[in-house]
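What follows is a short report on a single structure.
The values are calculated or read from the model by the stated rules, or taken from the named source; none is laboratory data. Small disclaimer: the values here were computed from a predicted structure and weren't measured. Note that each Cβ is placed from the backbone with ideal geometry, even for glycine, and that neighbours are counted across all protein chains shown. These area figures cover heavy atoms from the full protein model, side chains too; ligands, DNA and RNA do not enter into them. Shrake-Rupley method; radii C 1.70, N 1.55, O 1.52, S 1.80 Å.
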Amino acid sequence: MATAFHAIKERYGFIDVLEFSPTSGNCPPTPASQVTEEHALDVFQGLVIAAIRSVEQVLPEMLEQNSGAILFTTGLSSIYPIPMMDNIGIALSGLRNYAHNLHSDLAPKGIYVGHLALGVFIKPGTSTDPGLIADVWYDMYLSKSVPEETFPHGVTPETIVW
């Protein structure tokens, strides 16, 4: 990972925005009664540890510059218990907590940290088009005042857009 970030910095310079959109690791969605230590650790490594490692690659320079943005995109199970997504939800809720704590810690230092939880299955050309999600991120980035949002706004497990 460090090699990839180094190559990006060599080519483009200061990384002023990090957007972290994790995948769920090697384990399929699993209900709570079937979560094993292996499931939980695999997903935690892929979601939370990878986020921490990514932030470590950009944060020192952001702190030097007193500017930058760190953006985390997760699924709705980061906010709400969704039984079939328990192994993923355990890790995503940890990632959400990390994002909120980073926001509190870094906002006074000029670095914006935001979290966007998706309650959709992304489909180009529909109301769940990736461009619409990007627009929400852009608005959050510009205002730098909202540490968390959902897409669509106000979505809950009962209103997930399939």
With the requirement that a residue be closer than 19 Å to Ala50 by Cβ and part of a strand (DSSP E or B), what does region 98-140 give you?
Val113, Gly114, His115, Leu116, Ala117, Leu118
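Every residue, every condition in (1) open to solvent by 40 Å² or more (accessible area, probe 1.4 Å); (2) under 22 Å from Tyr138 (Cα atoms), yes or no:
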site	(1), (2)
Glu37	yes, no
Ala40	no, no
Leu59	no, yes
Gln65	yes, yes
Ala69	no, yes
Ser77	no, no
Ser93	yes, no
His103	no, yes
Leu106	no, yes
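Can you find a residue in region 145-161 that is within 30 Å of Gln65 (Cα to Cα), among the β-branched types (Val, Ile, Thr) and open to solvent by 30 Å² or more (accessible area, probe 1.4 Å)?
At the first step, the residues of region 145-161 found to be within 30 Å of Gln65 (Cα to Cα) are 145-150.
Narrowing further to those that are among the β-branched types (Val, Ile, Thr): 146, 150.
With the extra rule that they be open to solvent by 30 Å² or more (accessible area, probe 1.4 Å), the set shrinks to 146.
Scanning region 145-161, I find at least one residue that is within 30 Å of Gln65 (Cα to Cα), among the β-branched types (Val, Ile, Thr) and open to solvent by 30 Å² or more (accessible area, probe 1.4 Å), so the answer is yes.
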If I go through region 42-54 residue by residue, how many of them are buried (at least 19 other Cβ atoms within 10 Å of the Cβ) and touching a Phe, Trp or Tyr at 6+ places or on another chain (Cβ under 8 Å)?
3
What's the number of the only condition in (1) under 13 Å from the mean Cα position of the chain (by Cα); (2) within 30 Å of Ser33 (Cβ to Cβ); (3) in contact (Cβ under 8 Å) with a residue 24 or more places away in the chain; (4) open to solvent by 20 Å² or more (accessible area, probe 1.4 Å) that Ala99 fails to meet?
(4)
Which residue out of Ser33, Ser24 is among the small types (Gly, Ala, Ser), part of a loop (DSSP other than H, G, I, E, B) and either within 16 Å of Ser78 (Cβ to Cβ) or at pLDDT below 95 (or both)?
Ser24
Meets criteria (over 23 Å from Phe44 (Cβ atoms) and open to solvent by less than 30 Å² (accessible area, probe 1.4 Å)) for Trp137:
yes
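Could we say that Ser104 is at pLDDT 95 or above, within 22 Å of Ala32 (Cα to Cα) and either touching an Asp or Glu at 6+ places or on another chain (Cβ under 7 Å) or small (Gly, Ala, Ser) (or both) here?
Values: at pLDDT 95 or above: yes; within 22 Å of Ala32 (Cα to Cα): no; either touching an Asp or Glu at 6+ places or on another chain (Cβ under 7 Å) or small (Gly, Ala, Ser) (or both): yes.
Here the answer is no, as Ser104 does not meet what is asked.
Name the single residue that is modelled with the lowest pLDDT among those in region 123-160 being hydrophobic (A, V, I, L, M, F, W, C) and closer than 21 Å to Ser93 by Cβ.
Looking only at region 123-160, we keep the residues that are hydrophobic (A, V, I, L, M, F, W, C), and these are 132-134, 136-137, 140, 142, 146, 151, 155, 160.
If we keep only those that are closer than 21 Å to Ser93 by Cβ as well, we get 133, 136-137, 140, 146, 151, 155, 160.
Details: Ile133: 96, Val136: 97, Trp137: 96, Met140: 96, Val146: 93, Phe151: 97, Val155: 96, Ile160: 88.
So the residue we want is Ile160.
Given the criteria within 23 Å of Gly154 (Cβ to Cβ) and assigned to a strand (DSSP E or B), does Leu71 qualify? Talk me through it step by step, then tell me what you get.
Numbers: within 23 Å of Gly154 (Cβ to Cβ): yes; assigned to a strand (DSSP E or B): yes.
So Leu71 passes the test.
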Filtering region 28-81 for residues that are within 30 Å of Trp162 (Cα to Cα), out of contact with any strand residue (DSSP E or B) (no Cβ under 8 Å at 6 or more places or on another chain) and of a type in the set (Val, Ile, Thr) leaves a count of 6
